[in-house]
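Taking it in order: structure first as structure tokens, then the write-up.
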Amino acid sequence: MPIVNTTEMFKKAYEGGYAIGAFNVNNMEIIQGITEGAKLENAPLILQVSAGARKYAKHVYLMKMIEAAIQDTDLPIAVHLDHGPDFETCKSCIDGGFSSVMIDGSHLSFEENIAVTKKVVEYAHDRGVTVEAELGRLAGVEDDVKVSAEDSSYTRPEEVEEFATRTGCDSLAIAIGTSHGAFKFSGEPKLRFDILEEVSKRLPGFPIVLHGASSVIPSYVDMINQYGGNMPGAQGVPEEMLRKAASMAVCKINIDSDLRLAFTGELRKHFAEHPDHFDPRQYLTDARDGIRAMVRHKIVNVLGCNGKA
């Protein structure tokens, strides 16, 4: 099966009241864990690559590993650029075989955001590639994306129809209270479902995306701390809130921090229990297994896309 774009995925997800998991990839074991988990649950999948991941692993390595994963699982898999900072990065990924890109102009003025998004859309659509855009700004840190709480802002529903119409984007990431990174809420987590509802009224049938949607599962934070880490307690986005969003207009939910926690927790546990091990195949097997288990949990309990491949 070839790499697919997100058009048909999102159409089915919107109509079915579920979301597709967009899982960030950085190396072979993470790709294997994600795709093996999705295969076991027969779920469609988006593998997304940040600018930092491209720099770390190199574009060509990631694409060849993803192609191998598609051949191994025969799942419908889209390959997506996460937080493309400019037209040139998006163009490079489109030319390099990505089936979907995000142009993140959320830090720009409304008109500047429209201009750069439209430019990416025109180039991408001529090549059968789908485009995600963003309105509103999430707080937090993810690779090169760093936004303070003071600079964050909720999406303004009154802007979404004009933005989508003028840019021609295929999906829209909105800010309703999620945040990037593992440390999200000091108080009670809240998502602005009123904003999501208003956006969906103004853009009926249009796919909405949630970034910063890891739940920071306490068991993995505790595991990391148990085996020598020093991570403060943090509340992520409650999974029941994410499931509610997935039953509404949200068709894509990004998951990265929870994967990192699972991978790191299993590594720390392995070395604590086997301090004499030095074979990467031994400890990376446990890390890969942790990724696979996390992905299966998210597909079944948060996304609701199991059996939808």
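Tabulated results
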| quantity | calculated |
| --- | --- |
| Solvent-accessible area, 1.4 Å probe, carbon plus sulfur percent, for the stretch 232-299 | 53 |
| Violating pairs (Cα-Cα greater than 23 angstrom) within the set Lys58/Lys252; Lys11/Lys55; Lys201/Lys244; Lys119/Lys298; Lys12/Lys119; Lys12/Lys244 | Lys58/Lys252; Lys11/Lys55; Lys119/Lys298; Lys12/Lys119 |
| Test item: Cα-centred dipole of the stretch 2-57, Lys/Arg +1 and Asp/Glu -1 on Cβ, debye | 200 |
| Extended-chain gain in nm, criterion 0.36 nm per residue less alpha-carbon gap, Glu158 and Asn225 | 19.7 nm |
| For the stretch 1-75, the fraction of alpha-carbon pairs in successive 5 Å shells from zero, as % | 3, 15, 27, 25, 17, 9, 3, 0 |
| Column: log10 I(q)/I(0), Debye, Cα scatterers of the stretch 14-122, q = 0.10 Å⁻¹ | -0.31 |
| The chain - charge dipole about Cα centre, Lys and Arg +1 at Cβ, Asp and Glu -1, debye rounded to 20 | 380 |
| Average accessible surface area per residue within the chain, 1.4 Å rolling probe, Å² | 42 |
| Globularity ratio of the chain, using Cα Rg and 2.2 N^0.38 Å | 0.95 |
| Cα centroid separation, the stretch 199-243 to the stretch 252-309 (Å) | 15 |
| Label-to-label distance, nm, for residues given as Glu67 and Glu15 (7 Å Cα→Cβ offset) | 3.2 |
| Among Asn113, Asn230, Asn254, residue whose mean-square fluctuation peaks in a GNM of the chain (springs only between Cα atoms under 10 Å) | Asn230 |
| Additional length obtainable on full extension of the chain from His274 to Met248, 0.36 nm per residue less Cα span | 4.8 nm |
| Of every Cα-Cα pair in the stretch 211-309, the percent that sits beyond 17 Å | 54 |
| Value at 222 nm in deg cm²/dmol, rounded to 500, when DSSP H runs of n ≥ 4 in the chain each add -39,500 (n - 2.57) | -14500 deg cm²/dmol |
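The values are calculated or read from the model by the stated rules, or taken from the named source; none is laboratory data. As the structure is a computational prediction, the values presented were derived from the model and not from experiment. For neighbour counting, all protein chains shown are included, and Cβ atoms are generated from backbone atoms with ideal geometry for every residue, glycine included. To get the accessible areas, we keep the full protein, side chains included, count just its heavy atoms, and leave off ligands, DNA and RNA. Shrake-Rupley method; radii C 1.70, N 1.55, O 1.52, S 1.80 Å.
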